[in-house]
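Student: Provided herewith is a single structure, encoded as structure tokens, for subsequent inquiry.
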Amino acid sequence: MAKDKEHINLVFIGHVDHGKSTSVGRLMYDSGNVDEQAMRKLKDKAKELGKGGFEFAFVMDNLKEERERGLTIDLAHKKFTTDKYYFTIIDCPGHKDFIKNMITGASQADAGVLVVSGNASDGVQAQTKEHVFLAKTLGVGQLIVLVNKLDMVKYEEKRFNDVKEQVSQLLKTVGFNPEKIQFVAASALEGDNIFKRSDKMAWYKGPTLIEAIDNFAPPEKPTELPLRLPLQDVYNITGIGVVPVGRVETGVMKIGDKVIFQPGREGKGVSGEVKSIEMHHEQLQKAEPGDNIGFNVRGIGKKDITRGDVLGHVDNPPTVATEFTAQIVVLNHPTVMTTGYTPVFHIHTAQVACQIIEIVKKLNPATGEVIQEKPDFVKNGDAAIIKVKPVTPLVIEKQSEIPHMARFAVRDSGQTVAAGMCTDLVKK
């Protein structure tokens with residue numbers, strides 16, 4: 001059923017208290033994607049924790065204990081279908097999760113719902129600004145603004161219009177066109193205009209949230225870009241030989257193509273010819289972006305290639321960088337980041353230690369303006385432009401050329417300390 005529909009990754013963004021999880025929970029529940037029984041359990045759990053009315057948020061939090069024990073993965077992925085599309089909802093519960101996931105592209109979101117509270121004292125907050133700036137920078141092309149919590153202002157049209165005006169100004173500053181953005185008047189807690197049309201706002205003539213997300217344009221697959229396929233694993237299968245496995249990020253791979261793996265063993269690149277492609281145990285003639293495939297390449301040995309290598313066509317090989325420039329946001333560093341610091345960069349499927357050789361400038365994380373040239377260090381909450389030198393050969397691409405291969409997370413002693421994207425590089 002879902003297979004025939006176009007797929008869209010949808011991210012819910014906005015200030016942490018403006019009702020993102022409640023909106024998602026309400027959408028899932030009213031559309032029949034969470035059953036009554038599960039909902040009843042969540043209601044009881046919410047009451048027990050003294051949080052009556054939060055049960056919709058719990059839909060996304062799954063099991064509260066899990067969250068408290070820190071087992072939950074960064075993202076709650078929820079799937080649901082509408083008349084037109086098949087959606088994966090990416091809900092980033094906390095502010096930090098959101099930034100980390102957005103920048104590392106764990107959530108290559110095609111479209112977003114910006115949730116802004118319409119309650120009297122809320123509206124646009126610092127986090128709202130930061131999320132909008134990041135959404136734009138990281139290529140979330142389509143947006144809906146959900147003006148939520150209107151039950152708290154007696155469903156006033158004036159309050160909706162005020163918030164719409166505020167948010168429109170903000171969207172303009174980062175380069176979104178407010179004319180092309182759908183604004184939805186809603187109360188997720190009460191269920192107004194999420195899945196069911198509200199009878200409390202006769203003045204509102206726009207779509208419900210579910211109608212608005214069906215108005216999205218389908219995402220374009222980056223088939224026009226050069227072929228890039230980062231390897232996740234390499235298997236040796238009796239009777240077939242070496243079978244690399246990975247997901248096509250950009251471009252198209254066909255049987256008979258001449259391909260090269262970079263950096264490959266000894267960093268010199270290894271090339272061969274594609275003999276077969278398989279997905280879900282079916283043979284394919286070609287693979288496109290988003291396809292998770294296993295394939296076989298003539299002339300490649302098990303020791304020649306490894307996880308983190310990237311495959312491309314011989315006439316447009318993946319770029320191996322000897323150094324690169326990046327824009328980063330420091331999220332969670334115990335002290336400060338200075339030149340000489342050498343954490344592990346996680347880029348596509350590669351994990352490579354990289355040294356920060358220069359901090360070029362410090363930026364305002366909400367607007368991208370330069371605050372300081374050549375600072376001595378950067379700390380939590382700072383955005384910066386840095387120059388980086390990988391310790392071993394690494395494939396990375398410029399954001400302006402192949403954005404799917406430009407994003408990374410910086411990790412140190414088991415946590416994500418920063419995240420960013422490559423803006424320029426020096427080719428090997």
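Student: Look through PHE408, PHE324 and report the one residue that is closer than 23 Å to THR223 by Cα, of a type outside the set (Val, Ile, Thr) and surrounded by 23 or more Cβ atoms within 10 Å (Cβ to Cβ).
Tutor: Numbers: PHE324 fails: closer than 23 Å to THR223 by Cα.
Going through PHE408, PHE324 in turn, the sole match is PHE408.
Student: Provide a single number: the residues in region 246-273 that are part of a strand (DSSP E or B) and closer than 20 Å to GLY308 by Cβ.
Tutor: The total comes to 11.
Student: In region 202-211, which residues are out of contact with any helix residue (DSSP H, G or I) (no Cβ under 7 Å at 6 or more places or on another chain), in contact (Cβ under 8 Å) with a residue 24 or more places away in the chain and farther than 15 Å from VAL113 by Cα?
Tutor: Scanning region 202-211 gives TYR204, GLY206.
Student: Which of the residues that make up region 387-416 are among the hydrophobic types (A, V, I, L, M, F, W, C) and touching a residue at least 60 places away in the same chain (Cβ under 8 Å)?
Tutor: The first filter runs over region 387-416 and keeps only residues among the hydrophobic types (A, V, I, L, M, F, W, C), leaving 388, 391, 394-396, 402, 405-406, 408-410.
Passing the criteria: VAL388, LEU394, VAL395, ILE396, ILE402, MET405, PHE408, ALA409, VAL410.
Student: Can you tell me which residue is farthest from LEU27 (Cα to Cα) among those in region 207-245 that are among the small types (Gly, Ala, Ser) and in a loop (DSSP other than H, G, I, E, B)?
Tutor: Just the residues of region 207-245 that are among the small types (Gly, Ala, Ser), to begin with: 212, 217, 239, 241.
Okay, now just the ones that are also in a loop (DSSP other than H, G, I, E, B), so 217, 239.
Working: ALA217: 20, GLY239: 49 Å.
Selected residue: GLY239.
Student: Then there is this: Find all pairs meeting these conditions: Cβ atoms under 6 angstrom apart; at least six residues apart or on different chains; first residue within region 212-233 and closer than 21 Å to VAL274 by Cα; second residue part of a helix (DSSP H, G or I) and not basic (Lys, Arg).
Tutor: Going by the 6 Å Cβ cut-off, the qualifying pairs are ARG228/MET405.
Student: Are any of the residues in region 365-385 buried (at least 16 other Cβ atoms within 10 Å of the Cβ), among the charged types (D, E, K, R) and more than 30 Å from ILE260 (Cα to Cα)? Give the derivation first.
Tutor: Residues of region 365-385 that are buried (at least 16 other Cβ atoms within 10 Å of the Cβ), as a first pass: 365-366, 375, 377-378, 380, 382-385.
So of that shortlist, the ones also among the charged types (D, E, K, R) come out as 382.
Those left that are additionally more than 30 Å from ILE260 (Cα to Cα): 382.
Yes, the conditions are met somewhere in region 365-385.
Student: Something else: Could you tell me whether region 199-206 includes any residue that is in a loop (DSSP other than H, G, I, E, B), closer than 30 Å to GLU249 by Cβ and hydroxyl-bearing (Ser, Thr, Tyr)? Quick ask: steps written out before the conclusion?
Tutor: The initial filter retains those residues of region 199-206 that are in a loop (DSSP other than H, G, I, E, B), namely 199-206.
Okay, now just the ones that are also closer than 30 Å to GLU249 by Cβ, so none.
The answer is no, given that none of the residues of region 199-206 is in a loop (DSSP other than H, G, I, E, B), closer than 30 Å to GLU249 by Cβ and hydroxyl-bearing (Ser, Thr, Tyr).
Student: Against the condition of a type in the set (D, E, K, R), modelled with pLDDT under 95, buried (at least 21 other Cβ atoms within 10 Å of the Cβ) and in contact with a strand residue (DSSP E or B) (Cβ under 9 Å, 6 or more places away or on another chain), how does LYS149 come out, does it pass?
Tutor: The answer is yes for LYS149.
Student: Tell me whether region 230-238 contains one or more residues that are in the same structural domain as HIS404 (by TED's automatic domain parsing), among the hydroxyl-bearing types (Ser, Thr, Tyr) and surrounded by fewer than 17 Cβ atoms within 10 Å (Cβ to Cβ).
Tutor: no
The values are calculated or read from the model by the stated rules, or taken from the named source; none is laboratory data. Keep in mind that this is a model prediction, so the values were computed, not measured. Don't worry about glycine lacking a Cβ; one is built from the backbone with ideal geometry, like all the others, and counts go over all protein chains shown.
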